[in-house]
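J.: Sending over a structure as structure tokens; questions will come in a sec.
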Amino acid sequence: DTEVTQTPKHLVMGMTNKKSLKCEQHMGHRAMYWYKQKAKKPPELMFVYSYEKLSINESVPSRFSPECPNSSLLNLHLHALQPEDSALYLCASSQDRSYEQYFGPGTRLTVT
Amino acid sequence: KQEVTQIPAALSVPEGENLVLNCSFTDSAIYNLQWFRQDPGKGLTSLLLIQSSQREQTSGRLNASLDKSSGRSTLYIAASQPGDSATYLCAVNFGNEKLTFGTGTRLTIIP
């Protein structure tokens, strides 16, 4: 099973809301990733977790807060977002860093 | 700066034809290269992974090649079908644990 699941599929939130995105994999992968993708652009890396510890933070604004509660689960907490944060948020996992990455279907986020 | 380029940005091909998608990268010291397809509004589907030590990988009608010395990879699709229509992304791991993506080629197979 090479499946990465993401919930919710769609999310609409106001600029004062707090929401969370969830990502889950049961492949025993030890690296997990958050990407942001704007329309007609390639994915941009936001965060990398390796063995449940934050490995890479690509200078993402603090209104995005990642969390890795266990080896199968990755959350992205959202607070005080801006309309320009509207995008497709993709989660990925790999056996370890630099191995083949498997992506989830994404969460389409709209900030109003 | 490590960059990945995909040209053309869009390609239309009649059904049944064989086609080649191109990917070029600026640094030959790569760890691996991965080809993905993405349908509109969807996530990425991994097609093939080529390790630095490999020259090519095959999966069904797909064949990916890697030439590090020239900084190029190609994705060959045989006997194209309308279901192959999608955006194809090339992503390179330059050994820094991150994938650097190309801007993609939007492929349309004409029935």
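Each value in this text was obtained by applying a stated rule to the coordinates, not by laboratory testing. Note that this is a predicted model, so its numbers are computed, not measured. Note: ideal-geometry Cβ built from the backbone for every residue, glycine included; neighbour counts use all protein chains shown.
J.: Considering the range A:15-40 alone, what residues qualify as being assigned to a loop (DSSP other than H, G, I, E, B) and touching a Leu at 6+ places or on another chain (Cβ under 9 Å)?
T.: Those that are assigned to a loop (DSSP other than H, G, I, E, B) and touching a Leu at 6+ places or on another chain (Cβ under 9 Å): A:MET15, A:ASN17, A:LYS38, A:ALA39.
J.: Can we say A:SER86 is of a type in the set (Ser, Thr, Tyr), within 23 Å of B:GLY102 (Cβ to Cβ) and more than 13 Å from the chain's Cα centre (by Cα)? Before the answer, list the steps.
T.: Values: of a type in the set (Ser, Thr, Tyr): yes; within 23 Å of B:GLY102 (Cβ to Cβ): no; more than 13 Å from the chain's Cα centre (by Cα): yes.
No, not satisfied.
J.: Oh, and also: All but one of (1) more than 11 Å from every other protein chain (Cβ to nearest Cβ); (2) more than 12 Å from the chain's Cα centre (by Cα); (3) farther than 15 Å from B:THR103 by Cα hold for B:VAL20; state the number of the condition that does not hold.
T.: All conditions are met except number (2).
J.: Suppose we keep only residues that are under 10 Å from the mean Cα position of the chain (by Cα) and within 11 Å of chain A (Cβ to nearest Cβ) within the range B:23-34. Which one would you say is nearest to B:ALA10 (Cα to Cα)? Write out each step before concluding.
T.: The initial filter retains those residues of the range B:23-34 that are under 10 Å from the mean Cα position of the chain (by Cα), namely B:23-24, B:33-34.
If we keep only those that are within 11 Å of chain A (Cβ to nearest Cβ) too, we end up with B:33-34.
Working: B:LEU33: 21, B:GLN34: 19 Å.
Top of the filtered list is B:GLN34.
Here's the yes/no breakdown for (1) surrounded by fewer than 19 Cβ atoms within 10 Å (Cβ to Cβ); (2) at the interface with chain A (Cβ under 9 Å from one of its Cβ atoms); (3) of a type in the set (Asp, Glu):
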position: B:THR58; (1), (2), (3): yes, no, no
position: B:GLY71; (1), (2), (3): yes, no, no
position: B:ALA78; (1), (2), (3): yes, no, no
position: B:LEU89; (1), (2), (3): no, yes, no
position: B:VAL92; (1), (2), (3): no, no, no
position: B:GLY95; (1), (2), (3): yes, yes, no
position: B:PHE101; (1), (2), (3): no, yes, no
position: B:GLY104; (1), (2), (3): no, yes, no
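J.: Right, next: Which of the residues spanning the range A:24-41 are at negative phi and either in contact with a Gly (Cβ under 6 Å, 6 or more places away or on another chain) or among the small types (Gly, Ala, Ser) (or both)?
T.: Going residue by residue through the range A:24-41, those that are at negative phi are A:24-27, A:29-39, A:41.
Hits for the range A:24-41 are A:ALA31, A:ALA39.
J.: Say whether the condition of being more than 14 Å from the chain's Cα centre (by Cα), over 20 Å from B:ASN32 (Cβ atoms) and either of a type outside the set (Ser, Thr, Tyr) or loosely packed, with under 15 Cβ neighbours inside 10 Å (or both) is met by at least one residue in the range A:71-79. Full working, then the answer.
T.: Of the residues in the range A:71-79, the ones more than 14 Å from the chain's Cα centre (by Cα) are A:71, A:79.
Subsequent filtering for residues that are over 20 Å from B:ASN32 (Cβ atoms) retains A:71, A:79.
Now narrow it down to the ones that are either of a type outside the set (Ser, Thr, Tyr) or loosely packed, with under 15 Cβ neighbours inside 10 Å (or both): A:79.
Looking through the range A:71-79, at least one residue is more than 14 Å from the chain's Cα centre (by Cα), over 20 Å from B:ASN32 (Cβ atoms) and either of a type outside the set (Ser, Thr, Tyr) or loosely packed, with under 15 Cβ neighbours inside 10 Å (or both).
J.: Right, here's the next one. Go through the range B:58-69 residue by residue and tally those that are touching a residue at least 24 places away in the same chain (Cβ under 8 Å) and in a loop (DSSP other than H, G, I, E, B).
T.: Residues flagged as touching a residue at least 24 places away in the same chain (Cβ under 8 Å) and in a loop (DSSP other than H, G, I, E, B) within the range B:58-69 amount to 2.
J.: State which residue pairs qualify: first residue over 17 Å from A:PHE47 (Cβ atoms) and inside the range A:93-107, second residue assigned to a loop (DSSP other than H, G, I, E, B) and small (Gly, Ala, Ser) in any location, beta carbons under 7 Å apart, and separation of 6 or more residues or different chains.
T.: Once the first residue is over 17 Å from A:PHE47 (Cβ atoms) and sits in the range A:93-107, its partners that are assigned to a loop (DSSP other than H, G, I, E, B) and small (Gly, Ala, Ser) give A:PRO105/B:GLY43.
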